[in-house]
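All remarks here apply to the structure that follows.
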Amino acid sequence: MTTGTKAPSGARRRRLEPAERRAEILAVARRLFGAGSYDSVSTSDIAEAAGVARPLINHYFGGKRELYLEVVRQMMIVPAPVAEALPDASMEERLAIGVDRWIDVIERNRDAWLTVIAAGRDAEIEQIILEGDEIAADRVLEAALMSDVTEGREQLRAMIRSCGEMLRAASREWLVRGTLDRATLRTFVTETILSLLKVTYPAVLAARSGAHTPPGSSPSSA
């Protein structure tokens, strides 16, 4: 007769460092939430598929809701190494590589990505998406070698943030409607960002310093 806690049947339990175990649980949760929905996936499902005891999920994440929000955050927020690992190359090359990496993430996590961007008006998810857009604006400037821009910086960041919803819509055209293929999406996103940085942003600066400058503002106020 044996005693003790029965190991989950979905996967063989392996000894991992805490960070590795946490990352593994996140990967499983991302897959299950993508294949189903928040309501249809339980912490028991995730624990079984990850080969861990359910209390371990609460230990690392606090509960199902917190785990789901961490999955969303992981999907929406561009990590610093994406920009830091770009080669010493031109703006155009660096942006193209960065866009490729963004598309890679979406392609690897197709179902989870679509679930997140179609999640509705959930306030906490909206906040994570807004945070992701803020960070993405800085990552774009890093990739474009424009981190030190000061004139019109907040307007430029606002314009980059505004691209976020468009890029999410473009990913749906690719993954759901099939109206864009990967190569077309890559060109569309890369050229849109380049046009913003090289054409639209200089035009905004010119308008700010010319006759169209709004009352009470000046080029030096940026």
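Below are the figures for this structure:
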item: Test item: Cα-centred dipole of region 107-208, Lys/Arg +1 and Asp/Glu -1 on Cβ, debye; result: 380 debye
item: Accessible carbon and sulfur surface of region 49-202 relative to its total accessible area, %, 1.4 Å; result: 54 percent
item: Highest-first arrangement of 179-187, 47-55, where packing means the average Cβ count within 10 Å; result: 47-55, 179-187
item: Solvent-accessible area of SER162 with every protein chain in place, 1.4 Å probe, in Å² to the nearest 10; result: 90 Å²
item: Net length gained if the chain between GLU93 and ARG182 were fully extended (0.36 nm per residue, minus Cα distance); result: 30.3 nm
item: Stretch gain in nm, segment GLU107-GLU126, where the contour uses 0.36 nm per residue and the Cα spacing is subtracted; result: 4.6 nm
item: Cα-centre dipole for region 30-145 with unit charges at Cβ (Lys and Arg positive, Asp and Glu negative), debye to 20; result: 500 debye
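The values are calculated or read from the model by the stated rules, or taken from the named source; none is laboratory data. No experiment lies behind these values; they were computed from the predicted model shown. Using ideal geometry, Cβ is built from the backbone for each residue, glycine included, and neighbour counts are taken over all protein chains shown. For the accessible areas, the whole protein counts, side chains as well, though only heavy atoms, and no ligand, DNA or RNA atoms are used. Shrake-Rupley method; radii C 1.70, N 1.55, O 1.52, S 1.80 Å.
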